[in-house]
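Notes to accompany the following structure.
The values are calculated or read from the model by the stated rules, or taken from the named source; none is laboratory data. Since the model is a prediction, treat every value here as computed from it, not as a measurement. We place every Cβ from the backbone using ideal geometry, glycine too, and count neighbours over all the protein chains shown.
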Amino acid sequence: MPHAAAYDGGRPTDAWWARHCAERTEVMSSWRFASRDDFEAVLRLEFPQHADAWLAAHPGALGLSYGYVLFTVRKAAGMSTDSRMDRCSISPRTISTAVEMIEPSAAG
């Protein structure tokens, strides 16, 4: 996976979210289409810079499987009696940033 390798396998991202007391959830998903035309159209819309090479390498594919990581922050420090949360360096601004980062994946 070249993109994960470029970011040290995701470890810096995991560490940042851990410092902010986020729960890490690995999610497996897939896209499946009835026609190659529909699949190609969606892949080119979502990944315009990579679609042609991927499609050429997988000429009979009607879908793909993939995984992603979802980070969830439940409460800000000071709002919980959980001592683990009180040690976290999180603020209301960080929570709103977390929600902005999560929403595109959830909608897709």
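What to note about this one:
- Positions within region 23-47 being within 15 Å of the chain's Cα centre (by Cα) and not β-branched (V, I, T), in sequence order: E23, R24, E26, M28, S29, S30, E46, F47
- Meets criteria (modelled with pLDDT of 60 or more, among the aromatic types (F, W, Y) and in contact with a Leu (Cβ under 9 Å, 6 or more places away or on another chain)) for F71: no
- Residues in region 46-65 include none that are part of a loop (DSSP other than H, G, I, E, B), without any contact (Cβ under 8 Å) to a residue 60 or more places away in the chain and of a type in the set (S, T, Y).
- Only one of D52, D38, D14, D82 that is modelled with pLDDT under 55 and not aromatic (F, W, Y): D82
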